[in-house]
1. Go through segment 52-61 and report how many residues are out of contact with any strand residue (DSSP E or B) (no Cβ under 6 Å at 6 or more places or on another chain), surrounded by 16 or more Cβ atoms within 10 Å (Cβ to Cβ) and assigned to a loop (DSSP other than H, G, I, E, B).
2. Identify the residue in segment 244-268 that is without any contact (Cβ under 8 Å) to a residue 40 or more places away in the chain and not polar (S, T, N, Q) and, among all such residues, is least open to solvent (accessible area, probe 1.4 Å).
3. Residue under question is Ile74, and the condition is that it be in a strand (DSSP E or B) and either modelled with pLDDT of 95 or more or open to solvent by 10 Å² or more (accessible area, probe 1.4 Å) (or both); does it hold?
4. Go through (1) within 24 Å of His232 (Cβ to Cβ); (2) open to solvent by 60 Å² or more (accessible area, probe 1.4 Å); (3) in contact with a helix residue (DSSP H, G or I) (Cβ under 8 Å, 6 or more places away or on another chain); (4) at pLDDT below 95 for Leu41 and report which single condition fails.
5. Looking at segment 110-157, which of its residues are outside any helix (DSSP H, G or I), at negative phi and out of contact with any Phe, Trp or Tyr (no Cβ under 9 Å at 6 or more places or on another chain)?
6. Would you check which residues across segment 149-182 are under 16 Å from Tyr99 (Cβ atoms) and of a type in the set (A, V, I, L, M) and list them?
7. Out of all the residues in segment 77-94, is one or more open to solvent by less than 30 Å² (accessible area, probe 1.4 Å), touching a Lys or Arg at 6+ places or on another chain (Cβ under 6 Å), small (Gly, Ala, Ser) and on the phi < 0 side of the Ramachandran plot?
8. Taking the condition of being at pLDDT 95 or above, in a loop (DSSP other than H, G, I, E, B) and not hydrophobic (A, V, I, L, M, F, W, C), how many residues in segment 295-323 meet it?
Amino acid sequence: MKKVLITGGAGFIAHHLIYFLLKNTNWEIVSLDRLDYSGNLNRLDHIMSELPESQRKRLKIVFHDLKSEINPWIKKEIGIVDVILHLAAGSHVDRSIDYPMEFVLDNVVGTANILDFARFINDKQKLERFIYFSTDEVFGPAPNKVKYKERDRYNSTNPYSATKAGGEELAVAYENSYKLPIFITHTMNVFGERQHPEKFIPKCIISARDGLSVEIHSNKNKTKAGSRHYIHASDVAEGCLFLIKNKNKIIKKIKNDFGGAKCPKFNLVGPVELDNLQLAKLIAKSVGKKINYKMVDFHSSRPGHDLRYALDGNLMKRLGWKPKVSIEKRIHEVVNWTLKNKRWLKL
């Protein structure tokens with residue numbers, strides 16, 4: 001039985017990952033979290049209520065802020081693990097623009113501290129895999145028809161994406177310097193149940209339900225909506241499990257990737273690209289109402305935000321993984337679940 005450490009376990013993506021792994025493996029899970037603005041212990045409580053005791057008892061929760069080193073007390077609480085999934089991060093773009101140093105501490109210093117813990121584990125036993133969860137935003141805005149591949153150049157447009165890129169480079173350095181077995185993933189616009197109500201999809205659900213107007217991020221002329229590849233959190237979890245279970249086979253297949261560069265990178269991409277207006281209308285259709293909207297020039301009024309992000313998901317497809325469920329079905333499921341669980345639409 002494997003033991004897996006998940007940082008940021010009470011966060012949005014990580015709690016879905018915990019739920020998925022408890023349901024689909026027999027692994028023991030340790031959740032490490034400091035429980036700040038983005039970490040909500042009620043998420044873990046809610047998913048635990050949906051699982052049988054045999055699965056619930058395989059989760060352990062440890063409190064720690066990764067801005068501080070993982071000291072002997074915390075090491076003892078965590079124990080020796082086989083896999084580390086590093087999702088803990090500051091991720092609010094607007095806040096990163098106002099308070100960039102917070103994000104340097106969370107996303108760069110925090111990553112250095114968990115990588116040092118990985119070194120400690122690797123000295124005690126052979127660490128099977130460390131996965132650093134990064135973001136599409138490290139590549140910056142994507143011109144029309146361009147989809148960035150895993151090894152394309154970076155062009156961070158805000159402190160959040162810059163610090164995530166910094167964390168990536170630390171991960172690469174720790175593989176090269178200390179021989180840690182590291183994968184890096186890029187995901188974009190992850191959605192699902194229990195997402196913070198400030199995010200676009202919960203906002204659209206509220207607006208459609210209550211007949212309110214939703215603002216659509218658009219170009220300067222307010223004629224073209226911004227677009228993304230949306231992916232459900234459970235699909236991200238499934239892609240992550242695929243990487244863990246097939247790590248040796250994957251490494252053999254891509255060992256000559258990009259001149260033999262170490263620390264393989266993988267884009268976990270949603271099935272289709274949708275612009276935000278298409279998405280809002282899809283949500284409204286699931287609610288059973290029409291959407292009221294206003295096109296807003298966010299690109300000029302909110303520096304650091306980009307109109308279009310796009311990732312190329314062909315590497316994962318060649319390796320044998322892609323999301324199995326359509327975006328329309330995923331949106332419909334999330335809308336129906338959220339309308340039945342209204343507490344998650346309230347701050």
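1. Number of matching residues: 0.
2. Checked segment 244-268; the qualifying residue least open to solvent (accessible area, probe 1.4 Å) is Gly260.
3. It is false that Ile74 is in a strand (DSSP E or B) and either modelled with pLDDT of 95 or more or open to solvent by 10 Å² or more (accessible area, probe 1.4 Å) (or both).
4. (3)
5. The answer is Gln125, Lys126, Leu127, Glu128, Phe133, Ser134, Pro143, Asn144, Val146, Lys147, Lys149, Thr157.
6. Ala162
7. The answer is no, given that none of the residues of segment 77-94 is open to solvent by less than 30 Å² (accessible area, probe 1.4 Å), touching a Lys or Arg at 6+ places or on another chain (Cβ under 6 Å), small (Gly, Ala, Ser) and on the phi < 0 side of the Ramachandran plot.
8. So the answer is 5.
The values are calculated or read from the model by the stated rules, or taken from the named source; none is laboratory data. Model, not experiment: these values are computed from the prediction. When we count neighbours, we look across all protein chains shown, and the Cβ atoms used for this are built from the backbone with ideal geometry, even at glycine. Just so you know, the surface numbers come from the protein's heavy atoms only, side chains and all, with ligands and any DNA or RNA stripped out. Shrake-Rupley method; radii C 1.70, N 1.55, O 1.52, S 1.80 Å.
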